[in-house]
Each structure stands twice: as C-alpha cells, then as structure tokens.
Amino acid sequence: MRHALPPEDLARDERFVRNSFMARASDPRLAALPADKRAQRAPLSPERADGPEAARSLMHGIFTGEIQALEGAGRTTYDFDDEQAPFALKLDMARQCWDESRHVEISVKLGDWMGTEIGEYSEATFLYEAACAPDPILRLCGVNRALEGLAIDVFNTMKEFGDLSGDPVLEFCEDWMLADEVTHVKMGSDWLRRLTADDPERREKALDFQRTVDKLFSLGGFRGESDENPIQLARKLRQMAGFSTDEIDELAEIAAQAKADAEAMAAGAGS
C-alpha cells in the first residue's frame, strides 16, 4: 500500500461531487450576494427560513467529513514507523477508525432520514488534506484538535436542532456521535502534550497549524460565541476534550477575527 496517499486519489463512486475548499470560499458568485446572505448570520434553528435546508447540507458535510476522518486516521496508523508515531498512538488511531466507520453508517442513515441523497451537496477534501501533514503531531492538531473540535461544536448544534425541531432520531444520533468526538479530540490533546513534552518548538509549530485550520473553518462567522453564529462553541465539551480555558478563549478570538475579516472582504467587494 502507498504511503502519503494524495487527496485526488481517494476512492469515491460516481455519486460524489468534489469541490475544493478554496474554490468554494473564493467563488466570485458569493460577492454578488447581499451581505446578509453572504454572511449567513443566523443561528441554526427550525425557525430559520432555510433551517431544514441548512441542516440537510450540514448533515451531508458531516457525512463526507466522517469518511475523510476515517481515511485520515487510517493513514496515520500506516504512514509512520514506530519511532515517528508510537505504537500506542497507532492503536488510538485504529480505535478512531472504528468509531469513524460507525459514524459514516449513522450519517448515511441520518441523511436518508432527512431526505438527502449522497452527492446532493459537494465534497471538499480539506479534512483529509490536514491529515496528510508530514509530522504526526501536525495531523493530531489539524484533525483531532481543530477539525474534530469543530465536529464537537457542529454535533452539539445539530443535537440541539433535533431537540428544537422535535426530531428524536437526529437528537439521539448526534448525541451518540458527540461522545466519540470528545474522545477523539482528547486523544489529540493528550498525544500532543506527551510527544512534545521536551520539544516546545515542535509543539508551537503544531499549535500554529491548528490555529490556521481553526481560522479557515470559522468560515467568516460560521462558528463562534455571538448570537449571530450558526454554530456555537461548545465550551464545556471542549474542556472535557482537553482544551484549557485559555485555548477556548483564543479560539473564540480566532473565530471573531475570521468574522471581521469576512465582513471587511464583503465590504470591499461591494464598494
């Protein structure tokens, strides 16, 4: 089997439509939309006019993300020798593969439950790309702490959406997967500290990579702590997953800065 499989070689059938994250973010059609539509400044709730559609789109994104999380954890178990990645770390990644495969199955069934077909929305491969970093610590920060951390926020929001919309199936399934995501993030937090205990420079480099991923996936206000953010930071769950209060505060600041940057860009496009 090949080491460091590139994103374009991921196996997909004809149902999937792939679109790069940067192509979506830089789509010139977005600049032509009114500022309120570009920003999507509204919490995800059944009261939103596009609430059900937004929830279906988000669920499809969760589904493709779970596939890539499975692929990324699998690569980490294979791409490194035991000096680069201790065997115990590989065991944790193998356990995560099992969890992610279960999440894929649950997400397929939830998509069907919500009336969404596979491939109805496009797939971006940024999560898997973060899992292609040459250092396993970068992978743990980019995927387990940043993107699986985002999954905590998203799943918690979707769980609340299921509760508010009177959908016990969605609420139960999101709660079930949420417990696994907390575990995956905590594995990343624990291994980051263990493997960089004597190498603060390596730790800071990994945390810088995490900050970059976190800012990209705050998506100009998609995630944050204000009433305008569709996805809310799940502070208590992140603390359970090994984040310190200072780290969560910093993430909130990163999200707020991403929102301010998006608003400045929108204002420039409209002038």
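Worth a mention:
- The chain: relative contact order as a whole-number percent, Cα under 8 Å and 6+ apart: 23
- Solvent-accessible surface (1.4 angstrom probe) belonging to Met114, in square angstrom, nearest 10: 40
- Accessible area, probe 1.4 Å, largest first, for residues Arg238, Arg194, Arg95, Arg48: Arg194, Arg95, Arg48, Arg238
- Computed about its Cα centre, the charge dipole of the chain is approximately 280 debye, with only Lys, Arg, Asp and Glu carrying charge at their Cβ.
- When Rg and the Kirkwood Rh are both derived from Cα coordinates, the Rg/Rh ratio for the chain amounts to 0.95.
- Relative contact order (percent, whole number), the stretch 86-233, Cα cutoff 8 Å, 6+ residue spacing: 24
- Count of lysine pairs in the stretch 143-271 with Cα separation under 20 Å (8 or more residues apart, or interchain): 5
- Angle between the chain longest axis and helix 87-113 axis [Cα atoms, degrees, rounded to 10]: 20
- Rounded to 10°, Cα long-axis angle of helix 200-216 versus longest principal axis of the chain: 20
- Accessible area per residue, Å², the chain with all protein chains present, probe 1.4 Å: 49
- Helix 245-270 and the longest principal axis of the Cα set of the chain meet at an angle near 50°.
The values are calculated or read from the model by the stated rules, or taken from the named source; none is laboratory data. In this text, all values refer to a predicted model and were calculated from it rather than measured experimentally. Backbone-built Cβ (ideal geometry, glycine too); neighbour counts: all protein chains shown. What goes into the accessible areas is simple: the full protein's heavy atoms, side chains included, and nothing from ligands, DNA or RNA. Shrake-Rupley method; radii C 1.70, N 1.55, O 1.52, S 1.80 Å.
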